[in-house]
1. Mind checking which residues of the range 136-145 are part of a helix (DSSP H, G or I) and open to solvent by less than 10 Å² (accessible area, probe 1.4 Å)?
2. Report yes if Gln238 is under 23 Å from the mean Cα position of the chain (by Cα), of a type outside the set (D, E, K, R) and open to solvent by 80 Å² or more (accessible area, probe 1.4 Å), otherwise no.
3. Can you name the residue in the range 146-193 that is among the basic types (Lys, Arg) and closer than 20 Å to Asp250 by Cα and, of all such residues, is least open to solvent (accessible area, probe 1.4 Å)?
4. Sort out which residues of the range 188-241 are within 26 Å of Gly158 (Cβ to Cβ), in a helix (DSSP H, G or I) and polar (S, T, N, Q), and write them in order of number.
5. Mind checking which helices (runs of 4 or more DSSP H) fall wholly inside the range 1-92 and carry at least 2 residues that are within 29 Å of the chain's Cα centre (by Cα) and at pLDDT below 95?
6. Which one is surrounded by the fewest Cβ atoms within 10 Å (Cβ to Cβ) among residues in the range 241-260 that are at positive phi and touching a residue at least 12 places away in the same chain (Cβ under 8 Å)?
7. Among (1) part of a loop (DSSP other than H, G, I, E, B); (2) free of Cβ contacts under 8 Å to residues at least 60 places away in the same chain, where does Asp104 come up short?
8. Quick check on this structure: which one of Ser128, Ser114 is outside any loop (DSSP other than H, G, I, E, B), under 20 Å from Ser46 (Cβ atoms), among the small types (Gly, Ala, Ser) and open to solvent by 10 Å² or more (accessible area, probe 1.4 Å)?
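The values are calculated or read from the model by the stated rules, or taken from the named source; none is laboratory data. If you're wondering where the values come from, they're calculated on a predicted model, not measured in any experiment. Counting neighbours? That spans all protein chains shown, and the Cβs are built from the backbone with ideal geometry, glycine included. Calculation scope for accessible area: heavy atoms of the full protein, side chains included, ligands and nucleic acids excluded. Shrake-Rupley method; radii C 1.70, N 1.55, O 1.52, S 1.80 Å.
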Amino acid sequence: MKKITLTLISMLMIIVLAGCSLEPPGWAKPDAAGNKGQKKIGLSISTLNNPFFVSLKDGVVAEAQKQGIQVIVVDAQNDSAKQTNDVDDLLQQGVDALLINPADSAAISTAVQSANSVGVPVITLDRSADKGEVAALVASDNVKGGRMAAEYFVEQLGEGAKVIELEGVPGASATRERGKGFHEVADEKLDVVAKQSADFDRSKGLNVMENLLQGNPDVQAVFAHNDEMALGAIEAIQSSGKDIPVIGFDGNDDAIKSIQDGKLTATVAQQPVLIGGLAVQAALDVLDGKQVEQSIPAELKLVTKENVNE
């Protein structure tokens with residue numbers, strides 16, 4: 001009798017162990033494709049201290065509510081290490097899919113690979129990841145936008161015009177791509193007298209522009225990789241008493257108002273709300289087993305005083 005009891009206990013232990021998950025402790029595996037519960041997605045934003053990314057988040061939340069999806073939003077505050085930890089936390093909470101707007105395209109790779117290892121699909125927004133499997137990148141054509149800015153300067157100022165370039169966060173794909181597109185035209189038809197990173201930040205754009213103006217008093221135009229730096233640059237230019245055209249990139253509300261007020265010359269306008277909505281739809285398609293395009297574009301428009309109200 002004792003032998004039979006021990007045998008039964010051993011069999012029960014084998015069954016229990018066979019049913020145990022090998023996933024990391026605390027990680028809740030998403031439901032399989034016939035999931036009857038509410039889907040849950042995690043959204044990691046590079047920073048919510050920027051109107052563009054606030055609009056991006058709003059686009060995600062609005063589309064998720066429309067689709068009946070729960071969203072958990074985390075703010076990396078432009079800190080790559082924090083963003084990696086944030087993504088790990090989202091995985092621990094058992095999200096079905098991850099939407100990531102990387103603070104740094106190289107640094108986020110580890111977090112993307114962590115999601116890959118537990119079978120959680122990743123969609124990136126506005127910026128890509130250098131490594132790891134990303135189901136889709138939803139973004140504007142940053143290279144095309146950079147070209148649009150340079151072509152406008154050539155058209156308005158003529159070839160050989162002296163231009164300063166304010167670059168975004170080093171390592172961000174948007175920085176690389178916007179700069180690439182700009183230089184495809186500028187290296188042939190403009191004279192880029194100086195370029196320096198201001199980290200997509202308005203106050204840094206102001207400080208960097210003040211310094212660059214001192215070293216380049218004959219500059220004729222400024223291209224900033226985003227509107228926040230462009231608006232900072234305008235403050236520095238106005239304080240210097242100069243009148244220098246500035247083009248930004250994003251099309252946020254402050255930039256549009258500045259164009260209407262005759263301060264900012266132009267912005268390469270993205271549609272962040274649309275990007276957010278498209279990302280949610282892409283995540284749903286992936287979870288439903290559908291094929292999605294690896295690159296999902298959102299339309300760009302060069303907004304100037306002439307067309308700002310259109």
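1. Initial filter on the range 136-145 (part of a helix (DSSP H, G or I)): 142-145.
Across the range 136-145, the qualifying residues are Asn142, Gly145.
2. The answer is no for Gln238.
3. Step one: list which residues in the range 146-193 are among the basic types (Lys, Arg), which gives 147, 162, 176, 178, 180, 189.
Restricting the remaining residues to those that are closer than 20 Å to Asp250 by Cα gives 147, 176, 178, 180.
On the way: Arg147: 75, Arg176: 114, Arg178: 4, Lys180: 112 Å².
My answer is Arg178.
4. If the condition is that a residue be within 26 Å of Gly158 (Cβ to Cβ), in a helix (DSSP H, G or I) and polar (S, T, N, Q), then Gln214, Gln238, Ser240 are the ones that fit.
5. Values: elements: 2-19, 51-67, 80-92.
The helices (runs of 4 or more DSSP H) meeting that bar are 51-67.
6. Taking the range 241-260 as the starting set, the residues that turn out to be at positive phi are 241, 250-251.
Next, from what is left, pick out any that are touching a residue at least 12 places away in the same chain (Cβ under 8 Å): 250-251.
Numbers: Asp250: 29, Gly251: 25.
Only one residue fits best here, namely Gly251.
7. Looking at each condition in turn, Asp104 falls short on (2).
8. Details: Ser128 fails: outside any loop (DSSP other than H, G, I, E, B).
Ser114 is the lone residue from the list that is outside any loop (DSSP other than H, G, I, E, B), under 20 Å from Ser46 (Cβ atoms), among the small types (Gly, Ala, Ser) and open to solvent by 10 Å² or more (accessible area, probe 1.4 Å).
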